[in-house]
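The values are calculated or read from the model by the stated rules, or taken from the named source; none is laboratory data. A quick note: this is a predicted structure, and the numbers were derived from the prediction, not measured. Glycine gets a Cβ as well: all are built from the backbone with ideal geometry, and neighbour counts include every protein chain shown. For the accessible areas, the whole protein counts, side chains as well, though only heavy atoms, and no ligand, DNA or RNA atoms are used. Shrake-Rupley method; radii C 1.70, N 1.55, O 1.52, S 1.80 Å.
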Amino acid sequence: MYITSHEKVADKFAVIEALYRFAAGIDLRDQVLLASALADDAISDFRPAAAKAGFEYPVLEGRENIVSALSTSLIPFDTTHSVSNPRVSIDGDKAHLEAIVEAQHVPRNDPSRHYLMKNRYNVELVRRGEVWLIQRNTVDNVWRTGDPAVLAGV
């Protein structure tokens, strides 16, 4: 039986917490919370998931650009992001997190439509003091359902 020390467990939870802040920042439209999850020079790459959904989305670079782009492009939607199955490895002040994130998008002007994506997040993080921050996030899609036209114009 493998027993993890208290410090390792705390670090692993703190790594996962960064992804929780990222997801909650999007869903709550809280730019400060979203920014708190990202390193200054963070990169978010949604291209693999977007391609499977039939649209293009640029790589986003830099905390301010990521927060601005996600906050702007998702204005027409109510979203929910649910994080599950996190797997964390830590090497000093760097960490790697793989998780499944279910992302529901419902147009505010037509709640009868939706687009649900089950995505794999591949996340690289860095420790800054006591906080873990997302350095790079690559999102790929496992499956999707609903109306893909919901995301047109994102």
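Using a 1.4 angstrom probe with every protein chain in place, what is the largest-first accessible-area order of His81, His96?
Details: His81 30, His96 55 Å².
Heavy-atom accessible area, descending, gives His96, His81.
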Mind checking which of Ala42, Leu116, Asn65 is farthest towards the positive end of the range 23-121's charge dipole, using Cβ charges of +1 (Lys, Arg) and -1 (Asp, Glu) about the Cα centre?
Leu116
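Eigenvalues of the Cα gyration tensor times 5, then square-rooted: what semi-axes does that give for the range 30-154, in whole angstrom, largest first? Intermediate results must be reported in sequence, preceding the final value.
Working: eigenvalues 134, 51, 32 Å².
Ellipsoid semi-axes (Å, largest first): 26, 16, 13.
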Whole-percent carbon and sulfur share, accessible surface of the chain, 1.4 Å
53
Sum -39500 (n - 2.57) across every DSSP H segment of at least 4 residues in the chain, then divide by the residue count to get the 222 nm mean residue ellipticity, nearest 500.
-9000 deg cm²/dmol
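Using the Kirkwood formula on the Cα atoms of the range 82-138, what hydrodynamic radius do you get, in angstrom to one decimal?
Details: mean 1/r = 0.0769 Å⁻¹.
Roughly 13.0 Å, rounded to one decimal.
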For the range 6-73, I need the span (max minus min coordinate) of the C-alpha atoms along each principal axis, in Å, sorted largest to smallest.
44, 25, 22
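With charges only on Cβ, +1 for K and R and -1 for D and E, what is the dipole size of the chain about its Cα centre, in debye, rounded to 20?
Values: 17 positive and 21 negative charges, 67 e Å.
Dipole size: approximately 320 debye.
Give me the accessible area per residue for the chain, probe 1.4 Å, as a whole number in Å².
Details: 8320 Å² over 154 residues.
Spelled out: the 1.4 Å probe surface of the chain, per residue, equals 54 Å².
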